[in-house]
1. Need one word for segment 28-67: rounded, prolate or oblate. Basis is the Cα gyration tensor (sqrt eigenvalues a ≥ b ≥ c); a/c below 1.5 gives rounded, then a/b vs b/c decides.
2. With contacts defined as alpha carbon pairs under 8 Å and 6 or more residues apart, what's the relative contact order of the chain in percent?
3. Taking only protein heavy atoms into account and a 1.4 Å probe, give the accessible area per residue of the chain in Å².
4. Could you please report the charge total around residue 87, scoring K, R as +1 and D, E as -1 over all other residues with beta-carbon less than 15 angstrom from its beta-carbon?
5. Are there any trypsin sites (Lys or Arg not before Pro) in segment 1-103 that are in a DSSP loop and have at most 12 other Cβ atoms within 10 Å? List them by number.
6. May I ask which residue of 109, 59, 88 lies farthest towards the positive end of the charge dipole of segment 33-129, with charges of +1 (Lys, Arg) and -1 (Asp, Glu) on Cβ and the Cα centre as origin?
7. If you add up the charges near residue 98, with Lys and Arg at +1 and Asp and Glu at -1, over every other residue whose beta carbon is less than 10 angstrom from its beta carbon, what do you get?
8. For a Förster distance of 25 Å, can you work out the FRET efficiency between the beta-carbons of residue 37 and residue 2, rounded to the nearest 0.05?
Amino acid sequence: AIVLESAYPGFDDDVRQTMGGRGFVSLWPALATLRYHGVDPERIRTIDRIGAIAPRPLLLVVGSADPEDPVATVRSIYDAAHTPRQMFVIQGAGHGDYIKAAPVEYERVLLGFLDAALFGAGGPGSMPQ
């Protein structure tokens, strides 16, 4: 079973979104530093590989108020994944604030997903799509 929080389609997309907003002066050094250290951001692409993890159950977690990895971005990964898959949007949560924004709901969904995926409580095929 795999749980991804604040997933982005590709590392290159994430670097461009994060550093590009500060202008080319920030983006270019960030990309150059990564490449200098042997990291090619264009080769780290969640969206290109997410379909290959099936039939492992997948849970994508995102906050409705996440400016870094918006719901639409995470939805693109969900759409590229195969079943069994589930997407959990936590209303009002920002980037990484999931358990803080909805502790009871977060625990319920996460434990329910893991129970179904790992112990067969209802079986992974019974997970919401």
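1. oblate
2. After rounding, I find 26 percent.
3. Accessible area per residue, the chain: 56 Å².
4. With Lys, Arg at +1 and Asp, Glu at -1, the neighbours total -3.
5. 22
6. 59
7. -3
8. That pair, residue 37 with residue 2, gives E of 0.40.
The values are calculated or read from the model by the stated rules, or taken from the named source; none is laboratory data. This one's a predicted model, so the numbers in the text were calculated from it and none came from an experiment. Backbone-built Cβ (ideal geometry, glycine too); neighbour counts: all protein chains shown. Note: accessible area is taken over every heavy atom of the protein model, side chains too, but ligands, DNA and RNA are not part of it. Shrake-Rupley method; radii C 1.70, N 1.55, O 1.52, S 1.80 Å.
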